[in-house]
Amino acid sequence: MPQIDGRSSSQDLADLFGSYEGQLAIGGIPLTNLAEQFGTPLYVYDAERIRGAYRHLRDTVFGFAGIYYSIKANPNPAIARVLVEEGAGLEIASAAEYAAARAAGADPERILFAGPGKRPDELAYVIERGIGEIHLESHEEIARVASIGQGLGVEVKAALRINPSATAQGGAMRMGGKPSPFGFDEEELESVIDVVSGQPSLRLAGIHLFAGTQILDAGVLAGQWEHGLRLAVRAAKHLGRPLETIDLGGGLGIPYFQGETALDLERLGERVQDLQALVHDEPLIRDATILIEPGRFLVGPSGLYAAQVLASKISRGTRFLVMDGGMHHHLAASGNLGQVIKRDYPVVAAVPGGREASPCSVVGPLCTPLDTLARQAKLPDLRAGELVAILQSGAYGLTASPIGFLSHPTPAEVLVDRGRISLIRARGTFEATVAAPDIGG
Ligand SMILES: *Cc1c(COP(=O)(O)O)cnc(C)c1O
């Protein structure tokens, strides 16, 4: 179980990718070769590590829940395809993500649409093309989906997204019990069920609960799932019939920072057995399809972001490595994607070269002190042209970043699969980045 607690932790995480003659390698290919071929900055993903995470989790929840990949964690269709081929469904939050899910080969029946603000044209787009389930999150949305279904003469399979109440939360839980724009408050469950039941074009199939992200404690996660199951029983009782689906949400964490330990899947598996017993004892949910919808857990560890040193300088005693990549490609690593405390992602040199490491600050090319990728990285005395890799970067990387800021071209994305290399997103061009306006003159 990877643990982030000391000097060598970044190197331990790098070792999970493997090495080649002392260099960081992905699927057997040295990172330096990929950088030469595709240029920097660059995102690289290892398909085998995505499969590994999926299979480990699938075995942990086997017989209890199915897995839907939350595509916003990394919406590249080639990444989603790896998971679809493993048997995962997909959870989407926009019409464009629906298109990405179909491009990845997902069966429409295995796609769920959640999200607090779905436009009417997006709803019509997915209902016309086929969708497994739409998660209803507001009264306006109930009315919109019902009217689109009626207009098309189809019955839409729907679930209610529920924002869990404070009383049901453990101390460590986040996002629940507070005011939330996501879904309906648990307190309104029965009245909202009545509203949906009054719409002939809607079939209320289940409920959906998602109470928090980046959870590393198996007990907290299982507690959340248990609450979801109890809520499902309550919903079924009011509905007067068994539920078809119960979506227990995502939120499975991965270790990024000092002091963090990977989610203990063995312990989670033990708790899952208790939950299975609970389900078995409740006729109203016994035959429901239960699912979880992780994003980060499945793809985060599989990816790294590589950038090249442009300059190495010392300012008043602090060493700065100025890179050709930064927060415009990787906002989360800079600590500006919702983190309260800015801590360093694991960072390593692609070629450590047996050199002694010392603390330094790794910064990007943007003209703002926010563009800091690591504050206390332990790296050797790297020179211009050498490569640095930020690990745990396969989720909430490129598409969760302000890629337009300072108009740098978008980086390439490369998928390595057991030695096979695929360019899955071409590098952007200056021309495309600055959509040349005709300013006359
Ligand atoms: C973002 C999201 C997820 C995935 O969250 P992770 O923390 O990456 O597992 C799952 N479900 C919904 C509805 C989401 O919005």
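The values are calculated or read from the model by the stated rules, or taken from the named source; none is laboratory data. Remember, it's a predicted structure, so these values are computed and weren't measured experimentally. Quick reminder, even Gly has a Cβ in these numbers, built from the backbone with ideal geometry, and neighbours come from all protein chains shown. Please note that ligands, DNA and RNA were not included when accessible areas were found on the heavy atoms of the full protein model with its side chains. Shrake-Rupley method; radii C 1.70, N 1.55, O 1.52, S 1.80 Å.
For the range 260-325, run through the trypsin sites (Lys or Arg not before Pro) and keep only the ones in DSSP coil with at most 13 other Cβ atoms within 10 Å of their Cβ. Numbers along the way, then the final one.
On the way: sites: Arg267, Arg271, Arg286, Arg296, Lys313, Arg316, Arg319; in loops: Arg286, Arg316.
Passing sites in the range 260-325 are Arg286, Arg316.
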When the label point is put 7 Å from the Cα of Thr289 along its Cα-to-beta-carbon vector, which residues of the range 228-248 have a backbone N closer than 11 Å?
244-246
With just the Cα atoms of the range 1-104, tell me how far they stretch along each of the three principal axes, in Å, largest first.
41, 33, 22
Would you mind telling me the antiparallel percentage of the DSSP bridges in the chain, rounded to 5?
45 percent
Sorted largest first, extent of the range 179-226 alpha carbons per principal axis (Å)
42, 23, 15
When every protein chain stays in place and a 1.4 Å probe is rolled, Asp247, Asp281, Asp264 sorted by accessible area with the largest first are Asp281, Asp264, Asp247
Mind listing the Cα extents of the range 114-294 along all three principal axes, in Å, largest one first?
54, 37, 29
With DNA, RNA and ligands ignored, accessible area of Val414 (1.4 Å probe; Å², nearest 10):
0 Å²
Carbon plus sulfur, as percent of the 1.4 Å-probe accessible area of the range 114-294, comes to 50 percent
In the chain, if the dipole is taken from +1 on Lys/Arg beta carbons and -1 on Asp/Glu beta carbons about the Cα centre, which of Pro380, Thr32, Gly117 is farthest to the positive end?
Pro380
Modelling each spin label as a point 7 Å along the Cα-to-Cβ direction, I'd like the Ala432/Arg420 distance in nm, to one decimal.
2.4 nm
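Using a 10 Å Cβ count of at most 15 others and DSSP loop calls, identify the longest part of the chain lacking such GluC sites (Glu not before Pro). Numbers along the way, then the final one.
Numbers: sites that count: Glu21, Glu155, Glu356.
Here the longest run is 156-355.
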Size of electric dipole in the chain: Cβ of Lys, Arg +1 and of Asp, Glu -1, about Cα centre, debye, nearest 20
920 debye
Within the range 322-441, what percent of beta bridges assigned by DSSP are antiparallel, to the nearest 5?
95 percent
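Determine the per residue accessible area of the chain with all protein chains present and a 1.4 angstrom probe, expressed in square angstrom.
On the way: 18540 Å² over 441 residues.
Ligands and nucleic acids excluded, the figure is 42 Å² per residue.
What does the convex hull of the Cα atoms of the range 107-167 come to per residue, in Å³, rounded to a whole number?
Numbers: hull volume 5.2 nm³, N = 61.
Dividing the Cα hull volume of the range 107-167 by its residues yields 85 Å³.
Between beta-carbons, use under 14 Å as the cut-off and find the net charge around Ser401, counting Lys and Arg +1, Asp and Glu -1. Before the final figure, lay out each step's value.
Working: positive: Lys72, Arg425; negative: Asp371, Glu413.
Summing Lys/Arg as +1 and Asp/Glu as -1 gives 0.
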Using R₀ = 56 Å, calculate the FRET efficiency as 1/(1 + (r/R₀)^6) where r is the Cβ-Cβ separation of Lys342 and His280; round to 0.05.
0.75
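How much mean residue ellipticity at 222 nm does the chain get from its helices, if each DSSP H run of length 4 or more adds -39500 (n - 2.57) and you divide by all residues, to the nearest 500 deg cm²/dmol? It would help to have the intermediate numbers written out before the result.
Values: 12 runs with 129 residues, N = 441.
Helix-only estimate at 222 nm: -9000 deg cm²/dmol.
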Normalised radius of gyration for the chain, please: alpha carbon Rg relative to 2.2 N^0.38 Å, two decimal places.
1.03
Taking 0.36 nm per intervening residue step and subtracting the Cα-Cα distance, what contour gain separates Arg383 from Ser147 on full extension?
78.8 nm
Positive-end extreme of charge dipole, the chain - chosen from Ile134, His238, Phe182 (charges on Cβ)
Phe182
Given labels modelled 7 Å from the Cα in the Cβ direction, how far is it in nm from Glu266 to Asn33?
3.6 nm
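Quote the charge dipole size of the range 114-294 about the Cα centre in Debye, to the nearest 20; the model charges only the Cβ of Lys and Arg (+1) and of Asp and Glu (-1).
Details: 16 positive and 27 negative charges, 42 e Å.
The calculated dipole for the range 114-294 is roughly 200 debye.
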